[in-house]
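Bear in mind these aren't lab numbers, they're just calculated from the coordinates by the rules spelled out. Computed from a predicted model, the values in this text were never measured in an experiment. Counting neighbours? That spans all protein chains shown, and the Cβs are built from the backbone with ideal geometry, glycine included.
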Amino acid sequence: MSRRDTVVGLNRRAEDIVKGCGFPHWERGSDKRIVAAGEGCGITIELSMPKLLPCVKVEESENTYLGMSGQTYPLKKYHFRNGAVLEEFIQKTTWSSGPQFFLALWNFFLDKPAENSLWTLEEIESYSHE
């Protein structure tokens, strides 16, 4: 049996949180975009288009974690339109032919885990026995 890292990641509740509503939102102001005047036309024009921003902006966190063989895994940080910031953290590490990393979300403003993102003991145990 080979030993390897298993990044279990976020549970479904946490994934639902970070996907937001899934639609871009209009933002105040506009962006200038250069577009073709027509299909097959070599002429371009500059248009002022309304700004569209994603519901949740995802970026790599400055925090990482190390796997069994020294491999570095990045964590993600999620910025919401309402100003909330959630960041992945390792809630639990179990062992099954190597480490299994269960991630959850940390709420920066409340300085505590986002409750709905936490794995239950039953979920962790059931995953570890699959």
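Summary of values
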quantity	calculated
Cα gyration tensor, the stretch 33-104 - rounded (a/c under 1.5), prolate or oblate	prolate
Cα-based shape type of the chain, given that a ≥ b ≥ c are square roots of the gyration tensor eigenvalues and the cut on a/c is 1.5	prolate
Partners for Lys19 among aspartates and glutamates (Cα-Cα distance below 18 Å; same-chain residues under 8 apart left out)	Glu59, Glu60, Glu87, Glu88, Glu115
Value of relative contact order over the stretch 1-101, rounded to a whole percent, pairs C-alpha under 8 Å and six or more apart	29 percent
Out-of-range pairs (alpha-carbon distance over 25 Å; input Lys51/Lys112; Lys32/Lys76; Lys76/Lys112)	Lys51/Lys112; Lys32/Lys76
Residues Lys77, Lys112 arranged by fewest to most Cβ contacts within 10 Å	Lys112, Lys77
Residue-averaged 222 nm ellipticity for the chain, from DSSP H runs of 4+ at -39500 (n - 2.57), nearest 500	-3500 deg cm²/dmol
